[in-house]
Amino acid sequence: MILHHIVAGMGPAVLLLHSTATDSRQWQAQIEDLGPDFTVVAPDLRGYGRSPLTSEPFSHVDDITRLMDSLSLEDFAIVASSGGGAIALQVASAVPKRVRALVLLCAAAQGVEPTAELRSFGEKENALLESGDVAGATELNVELWVQPQVDEVTRDLFREMQSHAFRVQLAAGDAVQERDVQTDLARITCPVTVVSGACDLSWFHTVADHLAAELPDATRIELTWAGHLPNLERPAETSRLIRDWMRTGRR
């Protein structure tokens, strides 16, 4: 299966990996803003947006490398958000020669113990989903991940993306067979810009510190104005920063 995706622009390839609460529509502003300088590829990960979940065994790494092969894009940079950041790290670890650079926006990662705050959120979300309250679980995510200053149009888009993902994944149930892919940070030799938001949950700051310490070539940045989804909070500013990091590998 080839992931549903959007391709725009011309130039060096940049893969945009959405968070695990959204889909490729998270990147609407960046697709437009980065197009003049880059070939932008924005897929829906399996089980999100218009990429279905099937009963066949899969890994996100295989899905992404298959997609980039189908587009004849041998090497690429990756910009990834939240849970998409963990997947970006898996890809860069699996095929390090293909990944030119990483920008990780409030990324998740393997091997970092969840905080009590994050565990509590997960328990509440699971309880709501197990009771069939998709709307309640969706609102729980809106309240946690979307900053108050985000406009209502963007807030509604987030709500739509999260609700759709829940419904697709609940419908698939136990038929999903995702293969476990481990990440070896030592294999990731490209420049990595590790970004956190000052208003985000503390766990994501811990993850960012861990990645900055363990990755061979990492730059650690904190955005004083940002929560968990900076590209939805200040789209134009985030696009400018991504373009800068893609060109220089440094801030």
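Residues of the stretch 125-159 being out of contact with any helix residue (DSSP H, G or I) (no Cβ under 8 Å at 6 or more places or on another chain) and in a helix (DSSP H, G or I), which ones?
126, 127, 130, 143, 152, 153, 156
Mind checking which residues of the stretch 72-95 are out of contact with any strand residue (DSSP E or B) (no Cβ under 7 Å at 6 or more places or on another chain), surrounded by fewer than 23 Cβ atoms within 10 Å (Cβ to Cβ) and assigned to a loop (DSSP other than H, G, I, E, B)?
Matches in the stretch 72-95: 72, 74, 95.
Any residue at all in the stretch 95-107 that's of a type outside the set (Gly, Ala, Ser), modelled with pLDDT under 95 and more than 16 Å from the chain's Cα centre (by Cα)?
no
Do you know which of the residues in the stretch 96-143 that are of a type in the set (Lys, Arg) and closer than 30 Å to residue 76 by Cα is surrounded by the fewest Cβ atoms within 10 Å (Cβ to Cβ)?
Going through the qualifying residues, I end up with 97.
Check whether at least one residue in the stretch 221-232 is outside any loop (DSSP other than H, G, I, E, B), in contact (Cβ under 8 Å) with a residue 40 or more places away in the chain, closer than 20 Å to residue 17 by Cα and among the hydrophobic types (A, V, I, L, M, F, W, C), and report yes or no.
Looking for residues that are outside any loop (DSSP other than H, G, I, E, B), in contact (Cβ under 8 Å) with a residue 40 or more places away in the chain, closer than 20 Å to residue 17 by Cα and among the hydrophobic types (A, V, I, L, M, F, W, C), one finds at least one in the stretch 221-232, hence yes.
Counting just the residues of the stretch 208-225 that are under 28 Å from residue 157 (Cβ atoms) and touching a Ser or Thr at 6+ places or on another chain (Cβ under 8 Å), which one comes out surrounded by the fewest Cβ atoms within 10 Å (Cβ to Cβ)?
Among those that are under 28 Å from residue 157 (Cβ atoms) and touching a Ser or Thr at 6+ places or on another chain (Cβ under 8 Å), it is 222.
State the number of residues belonging to the stretch 18-52 that are in a loop (DSSP other than H, G, I, E, B), among the small types (Gly, Ala, Ser) and crowded, with 23+ Cβ neighbours inside 10 Å.
3
The values are calculated or read from the model by the stated rules, or taken from the named source; none is laboratory data. Since we're looking at a predicted model, the values are computed, not measured. Ideal geometry is used to build each Cβ from the backbone, glycine not excepted, and the neighbour counts take in all protein chains shown.
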